[in-house]
Structures are given as C-alpha cells and as structure tokens.
Amino acid sequence: MSHSAGARWAPALVLLLGAVFLFASGAALLWRGQSASDGTTINVGDTAVGSGGVVVRGVESYSPLLPGDRILAIDGVPVGAAVGVLPGGPPVAVGQVLHYEVLRDGVTRTIEVRLHDFPVLGNLATSWPSLVVATALLLVSLAIFRARPRDPAAAAGLVPSTLAFVAVTASGFFDLEALDLVAGDQFWRWYAGELGFTLLWAGMLHFALAFPEVSDRRRFRVRVAAGYVAAVGLYAVPAVFTLLTVDDPLTRLSTTGSPALGALYTFPVLVVGVLVVSYVSRPDPLVRRRLRWLAFALGAGAVLYLGLWSIPQALTGTTPLPVQYSSLSFLGVPVAVALAILRHRALNIEVVISRSLVYGSLSVALATLYLVVVGALHLLFGPLDQLWQQAGAAVAVALAVQPLRARLQALINTRLYGEQTDPYRMVSALAARLEKLPGPGEQLPALVETIGAALRLPYVAIELERDAGTEVAASFGTPTPLSRRLPLTHRGERVGQLVIARETLDRRSHDVLDEVARHAGTMVYTAKLTGDLTRSRDRLVSAREEERRRLLRELHDGVGPTLAAVNLGLRAGRQTVGENGPAGVLLGKLQDALTLAITEVRRLAQDLRPPALEKLGLLGAIADHVDAMNAGEDGPKVVLEAPEALPPLPPAVDVAAYRIVCEALTNVVRHAHASRCTVTLRAGDALEIDVTDNGAGLTPGSPGSGIGLTSMRERAAELGGEFTVDSPPGGGTRVAAVLPLPEGKP
C-alpha cells in the first residue's frame, strides 16, 4: 500500500478500532450482568490473587462470607486444582446454593452460599470516578479526531481513550470473585480488562509521543510499536518464567493472571521521561507550554496513583483512600489536553473542543443533578417505585437543560475566545485602557495586547504600510505558522493590517474584529503620522548638527587660520610703517577690529558645537568641565559617576547631553547653595542623565521655569526624550533627562 493510500485509510482504521473497543466494553457489561455472583472480592488491585491464597477482600450484603476468609474449595472443587489447568468451569445459575470450604479464625468451616444476580448498577455507581475519567478522555479524543483525523495525535488519543472503556468495564467496575475461579467464564472477562489496562499504559506512551506534533513519522511509528511490544513483554516474560519454574497453581496465577503489573510500575516513569525529553529538546516556546500541561498532569497522576494506591496495596494490602477513587488521579490528563488546546492552540481545533466541552460538561452536570434529585426523593419517600417520583426527577433535569447549556456555552466561549461574543465589552475595555496611556507611542502595543488577551490569541501584531513594504509596529505573544491578516483603513486608505494567529474566523469573530478595526485604523494612521514626524524630526536634528559640525570645521580650519594670518600681516605692516604714523594708527585700528572679529568667530564656533566635544568626546568633555568647577574653592564639590566608555552617540545627542549637564551645574552654582553635587550618566537603549545636589531644593522663589530649565527641557524634547526637575525626599534638587538612542545612528 502506498503512503497516500495508507494516509487515507488510517483514520477509518483507527475509528473502526475505537468502535470495536467500545463494542467490547458494552459486551463486558452484558457479560457480567448475565452471570451469577457469590458477592465476594478476591483480587488485590490488579493482582488476581494474593500470596496468601484466595482470600476474601470484600463482600456484598447478601454474601454469608466475611472479609479475611480463606477459600479452600467450592462445591468440593479445591480452588488450587481448579486453577491448575484454566480458571473457570461449568456455568452456575442464580439461586443455586454452593458449599464453600473456608478457613476462618484458624478453623475450617463449610458455608452455604446462595448465588444472586450481580449488582451491576451498584458497582457502576460506586465506580463513578472511573466513568468520569474515561468519559472525559473519550470526549476530548473524539473532538481531536473529528477536527484532525489524519493527525497522529488524533489516533494516539482515540485508541487509549476507547481502550480505557474496555479496561474499566471489564475489570475496573467489577472485581474478581472467588466463584470466577471454579465456575463460568468471568475470570476471562476480568483478565481481558487487565490486558486492556496493560495496553492502555502503552496508549498513554503513544499519546505522549504524538502530542502536540510529530516531526519524524518513521521514527514515531517505530517508537510507538516498541511501546506496545514492551507493554506486552513486561507481562509475557515473567509469566512464561513463572509457568516454567513455579509449581504451586495459586502462586502461578498471582503472576500469570495479572497482566497489568509490569506496565503499571514501569510505564508511568517512561511516559513522564518521554515528555520531559520532548520538552527539553523542543526549542519552540509555544510547543513547550503545550507539553508542560500534559507532563504535569501525567506526572502528578502517576505519582498519586503509585503513592496512594498501587505501592501501599502491594506492600500492606490496604490503601489510604478507597480504591475506586484511584482513577481520579488521571482526571488531569484530559483537562491538560483541553487546556493546551484552549490556551495555546494545540492542534488548532478550538471550535470542536468548545462544543465537546459544552455537551460533555452538560452531560456530567445533568447526570449529577439527576442523582441528587433521585437521592433526595429516596430520602423523603423511600424507594422510587412510583411513576410520579421518577417523572419528577426527569422534569427537574429537563427544566435545567437550557439555562445550564447557555451558561456553560458562555463560560467556555469566554475561556476559549475571550470577549469575542461581546464586541461592546471588548471595545469598552480597549477605550478604558487607551485613556490611561501617557502618550501616543504606547497606543499600538496596548491595542494588540488588549485584543490578544480578550480573544485568547497566542499572537497579535499590527503592520504598517510603507513604501518599501510592511513594518511591524507592535506585537503581542509568540508568532505561529497559522495566521490571518485583516486590513486596517482610515478614510478609505489602507494604512496597515492586523495579524492574528487564527487561520479561520466565524461570523462573530469577524464582527468583533471589524468593530475593533474601525477604531484601530484611526490609531494606526495616527501612529504612522507620529512615526513619520519623529523620523522627520530626527533627520532635521541630525542634519542641523551635521551642518553645525561642517560650519565648525570651516571656521576652525578655514576662516580661523585666515583671520589669524591677516592679523599677523597687519602687525608686521604696522611695525614696518611705524606704529605712531598715520598708516600705523590705521593699521592698529584694523588690527583691533580684526581681533574682535576673531573673538566673535570663536564665540560662534563655541555655540555651534563645543570644541571639547570634538577633542575629548562627551565623557571627556564633561569630566573636563567637572574638573574645572572643582578647581575653584568656593563652589560645590562635583562628583562624576559614569561608565568607563559610552557607546557611539549621534551628534545631536552628545551636544544636548553636554549642554544639559553644563546648564544644570551652572544652576547648582548660582541658585542651589549646595556643598555637593553628583552627575550620573548611564547608557542603554537611552542615555540617562542625573544631576543631583544637596542644596536648598525647589522653593516658590526658585527659578523653576527660568531660561536654563527651559533650554534643557527643549533640548530633550527635540530629541524625543524626557526632562524632569524635582526635589527628592531627602532635600536638594534633582535634574534628570532621558535621551533616546536611535538604532543604526552612530
């Protein structure tokens, strides 16, 4: 068969296998219900008989036997001889009386036991935890299979979930009785259920290998096959060894009649190990988050099952909690798979999971409600043998169907899709969030975060339309391969697109996103304009600083030397013609005028760009200015705290930083009356400047809005930075500025 043909037939074969297992579970119920019962329980958990022989572990109310009785023979047939060939024998009928030879309190007695109908419904009610877990597993696996029938995880979920029904209906609900060893064929029903448990552990490993995705299918198939073979081998090898080496039939039965023991103590560790290795080896954080849920659920379930039931029962014969609750330790497995799908979009089948959760939860809730109503009526009126009592319970359940379904649908939809069913609430939440933002630069990040959180999306992004292509302006979450792009427009012009990590959208999702997109288009247009203005401002500031540097070089290298040479020429000419003659006096006046011009050129050069910046760089220029201030005796002591080196800075940034520091120190000297001042520089995504003194602080008479502070504030603002001045709690004044450092602009 070709690979494509196998891919087409594989879902049908898996579905057929699941149907066979479910049919077998129903047959096991009928099988047990049609056979007689002596009301005893002899198996020790998953072990057919204990090391002490056939000992009664529990009894029904109709049985004359007692817990602790050791059964030697039934109707003259020794149990050891009966199981020496094959357990079971000729069938018996309800109402038949059998004679049991038992050892009780050290005395051998013969007790008459009348056979009854097996209490199938009573055992089902007692075993409700197993039924709940098996039903949850089946619902989640059917939802996965319905949405993605060709996904390996679909088969890996359906096979063990249907196997779970075989296991619980064949042996989990109904224990092994002493009668089953010598009469009828019920032992083989229990044995088939234990085989089902063995394969169920291999099925858990199958699902652990397949969830949430399979990268190498050939290796995956080999590992899955090896898992099932290993589960059977863990039983077959010790069973064959026991048959060859042990003579006592009851001792042999304790091993050969217990197929699940090897897998029970081995596969929990193996499954958790596979999940841990898969988690460590997967670099994708989204896949890791999906695996984390399943690994925790399976690991915790295995630890609880072994610690509270299996190990205590094997060591002491008793358990801290009733055995029927042991299945609840694995209730987290279907819940973990559902959460991985709901929260992290594993397998991308949210719609099917939503419906399955609604109707599955509704079924469990109605069944619970029916049991509560029936129990209440039973307490009030005794056995429910009247038609009106049964009708009352049915009516109470029927009245609860619609409101309960609507409530469950709303809760699950909110959990799965967030607020997508209520566009007004989502838009209101978005508006409330935007009102609290300090500036337009934070609107788009807040927008995508609100959409992602409200709709439970793993990834949301806004891309701006540019001449050279698209530009990601804001994003939320982790990108996924499956995504959808929705256009964002403003006055009929496309300004960007909204990217969401969901391949398909239903009508309600479209309605919600259309409503959000109407508001988002205006915000994106505003953000686009803001970005354009910011880039234009940066270009203008950079061009201005570059032009200033060019003029400074011209003045320094061209005009300055020329004027100095002319000044020297005038001095030489004056000396030649005589300083006191008319020509000498004229040349002296020209020399004085030229000296004033040279001074003015130097002042202009200083205003264009401080020469210290060109010679020493920002850090050196500030250090030189601080040293000059500390040279005086009357001024405050200035301390510079800065890294050993600063990254390359744009010309506009280092000029603004130098001017802000110098102006702040000038204010400290003139107005602060301080004895100490600290200048701190930090560079990361932005250049942070902090000038703090221990002076008088800001008072009503202080120059809070003088020319110096205004100049510093304007220098920071033209670079898109921030500027603050305040009085710290300990006193003094703190001047702080944050100047952004654009990437790619050294």
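Within the stretch 588-624, being in contact with a Pro (Cβ under 9 Å, 6 or more places away or on another chain) and modelled with pLDDT of 75 or more holds for LEU613, LEU619, ALA621. Tell me yes or no: at least one residue of the stretch 59-74 is free of Cβ contacts under 8 Å to residues at least 24 places away in the same chain, among the β-branched types (Val, Ile, Thr) and in a strand (DSSP E or B). Yes: one or more hits. Of all residues in the stretch 24-53, those that are closer than 11 Å to LEU176 by Cβ have Cβ atoms under 8 Å from Cβ atoms of residues that are assigned to a loop (DSSP other than H, G, I, E, B) and of a type in the set (Ser, Thr, Tyr), 6 or more apart or on another chain, in THR40/SER63; ASP46/SER258; THR47/SER258; ALA48/SER258. In the condition set (1) in contact with a Leu (Cβ under 9 Å, 6 or more places away or on another chain); (2) of a type in the set (Val, Ile, Thr); (3) more than 13 Å from ASP38 (Cβ to Cβ), ILE111 is compliant with all but (3).
Screening ALA225 with (1) touching a residue at least 12 places away in the same chain (Cβ under 8 Å); (2) under 26 Å from GLY172 (Cα atoms) gives one miss only, at (1).
Would you be able to say whether some residue in the stretch 127-145 is assigned to a loop (DSSP other than H, G, I, E, B) and in contact (Cβ under 8 Å) with a residue 12 or more places away in the chain?
Looking for residues that are assigned to a loop (DSSP other than H, G, I, E, B) and in contact (Cβ under 8 Å) with a residue 12 or more places away in the chain, one finds at least one in the stretch 127-145, hence yes.
Considering the stretch 669-687, and only residues there that are in a strand (DSSP E or B) and touching a Lys or Arg at 6+ places or on another chain (Cβ under 8 Å), the residue that is nearest to ASP634 (Cα to Cα) turns out to be ARG676.
Which number in (1) among the hydroxyl-bearing types (Ser, Thr, Tyr); (2) buried (at least 24 other Cβ atoms within 10 Å of the Cβ); (3) within 30 Å of GLY80 (Cβ to Cβ) marks the one condition that SER141 misses? Unmet for SER141, out of (1) among the hydroxyl-bearing types (Ser, Thr, Tyr); (2) buried (at least 24 other Cβ atoms within 10 Å of the Cβ); (3) within 30 Å of GLY80 (Cβ to Cβ): (3).
Filtering the stretch 154-200 to residues that are polar (S, T, N, Q) and more than 24 Å from VAL92 (Cα to Cα) leaves SER161, THR162, THR198. Taking the conditions exactly as written (surrounded by 15 or more Cβ atoms within 10 Å (Cβ to Cβ), of a type outside the set (S, T, N, Q) and in a helix (DSSP H, G or I)), does PRO238 satisfy them or not? Considered against the rule, which asks whether it is surrounded by 15 or more Cβ atoms within 10 Å (Cβ to Cβ), of a type outside the set (S, T, N, Q) and in a helix (DSSP H, G or I), PRO238 comes out as yes. Quick check: is even one residue across the stretch 250-266 of a type in the set (Lys, Arg), farther than 26 Å from ARG150 by Cα, touching a helix residue (DSSP H, G or I) at 6+ places or on another chain (Cβ under 7 Å) and assigned to a helix (DSSP H, G or I)? Within the stretch 250-266, one or more residues are of a type in the set (Lys, Arg), farther than 26 Å from ARG150 by Cα, touching a helix residue (DSSP H, G or I) at 6+ places or on another chain (Cβ under 7 Å) and assigned to a helix (DSSP H, G or I).
Cβ-Cβ distances below 6 Å connect the following pairs, each with a first residue in the stretch 182-200 that is assigned to a strand (DSSP E or B), a second residue that is surrounded by 23 or more Cβ atoms within 10 Å (Cβ to Cβ), and a separation of six or more residues or different chains: GLY184/SER35. Taken over the stretch 626-661, the criterion of being among the charged types (D, E, K, R) and farther than 23 Å from GLY695 by Cα is satisfied by GLU644, ASP654. Applying the criterion of being without any contact (Cβ under 8 Å) to a residue 24 or more places away in the chain and more than 12 Å from ALA48 (Cβ to Cβ) to the residues of the stretch 243-255, the residue that is surrounded by the most Cβ atoms within 10 Å (Cβ to Cβ) is VAL246.
From the list ALA202, ALA170, ALA164, the one residue that fits, being in contact with a Lys or Arg (Cβ under 8 Å, 6 or more places away or on another chain), on the phi < 0 side of the Ramachandran plot and among the small types (Gly, Ala, Ser), is ALA170. Does any residue of the stretch 100-120 turn out to be at negative phi and part of a helix (DSSP H, G or I)? Yes, the stretch 100-120 contains at least one residue that is at negative phi and part of a helix (DSSP H, G or I).
Against the definition (assigned by TED's automatic domain parsing to the domain that holds GLY732, more than 46 Å from the chain's Cα centre (by Cα) and not β-branched (Val, Ile, Thr)), how does ALA645 come out, yes or no? Here the answer is no, as ALA645 does not meet what is asked. Considering the stretch 43-67, and only residues there that are β-branched (Val, Ile, Thr) and modelled with pLDDT of 90 or more, the residue that is surrounded by the most Cβ atoms within 10 Å (Cβ to Cβ) turns out to be VAL54. Residues that are at positive phi, touching a Phe, Trp or Tyr at 6+ places or on another chain (Cβ under 9 Å) and either surrounded by fewer than 21 Cβ atoms within 10 Å (Cβ to Cβ) or at pLDDT 75 or above (or both) do not occur anywhere in the stretch 505-517.
The values are calculated or read from the model by the stated rules, or taken from the named source; none is laboratory data. Values in this document were obtained by computation on a predicted structure and should not be read as measured data. For neighbour counting, all protein chains shown are included, and Cβ atoms are generated from backbone atoms with ideal geometry for every residue, glycine included.
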